[in-house]
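Coordinate-derived values only; no laboratory data. Given the structure is predicted, the values throughout are model-derived calculations rather than measurements. So basically every Cβ, Gly included, is an ideal-geometry build from the backbone, and we count neighbours across all protein chains shown.
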Amino acid sequence: MSADPAGGQIWPTAALWDAGIRLGHRLVLPPLPLRPAASGMRLTGPLLRIRHTEGVASILEGLDEAREGDVLFIDNEGRTDEACVGDLVAIEARLAGMAGLVVWGCHRDTDELAVIGLPVFSLGPCPSSPTPRPVGGVDAGRPFPFESGDVAVGDSDGLVVVPAGMHSEVVDVARAIVKAEQLQAEKALGGVSLREQLRWAEFKKHRREDPSYTFRAHLSRVGGALE
């Protein structure tokens, strides 16, 4: 999903990804899948990265810097052997007006997070608390590259990052994709198959005559959307 600044509409991550492909832009996927801490959690907003170098103190300092509506990205370098976010941090982030938390690491207090309701995306649950790190120590974790201000979008399918400079353009195309797919679904439920709607026989004929003719090009020509 993604909020449309013009109208507040929320768009699915799948449609945004397909929109990026159509535009020739590859959106950013995390190196490992990030999932919502509880079913139905969704988020969108500009990312602010904070590095989890001093435990909760790092997160509280990040909240001092954040603006209302931001998504706080807590960078624990992809570690899955400890949790760095729990219920109290989520409550504090909600009070600070955050749109959600993205944890490049693990969370805990899963049941409590579901009740608190602030969207939290992470690599999964882990009961372990953070391990103190030596001052000046170098961590050999997994990087997750993006620029502050890029837009995080998370739903049940996972999380993607839309570069800030192309967000509006991607949302415009995603809107058209959602509309086309909804219309196709309605027709299919009414008995008109996708093959009929997408003129499948016509595609096969064209493909025989021109082997370079792709199905994506065909969909673009007939106005279909199918991924």
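Listed values, structure above:
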| quantity | calculated |
| --- | --- |
| Qualifying residue in the stretch 23-32 (condition: surrounded by 16 or more Cβ atoms within 10 Å (Cβ to Cβ), of a type in the set (A, V, I, L, M) and farther than 13 Å from residue 161 by Cα) | no |
| Matching residues, the stretch 147-191, being of a type outside the set (D, E, K, R), surrounded by 16 or more Cβ atoms within 10 Å (Cβ to Cβ) and not in a helix (DSSP H, G or I) | 151, 152, 153, 154, 158, 159, 160, 161, 162, 163 |
| Residue within the stretch 122-142 that is under 30 Å from residue 18 (Cβ atoms), touching a residue at least 24 places away in the same chain (Cβ under 8 Å) and more than 17 Å from the chain's Cα centre (by Cα) present | yes |
| Hits in the stretch 192-203 (condition: part of a helix (DSSP H, G or I) and surrounded by 14 or more Cβ atoms within 10 Å (Cβ to Cβ)) | 197, 200, 203 |
| Total residues in the stretch 67-85, condition small (Gly, Ala, Ser), surrounded by fewer than 20 Cβ atoms within 10 Å (Cβ to Cβ) and on the phi < 0 side of the Ramachandran plot | 0 |
| Breaking point among (1) closer than 18 Å to residue 44 by Cα; (2) surrounded by fewer than 24 Cβ atoms within 10 Å (Cβ to Cβ), for residue 120 | (2) |
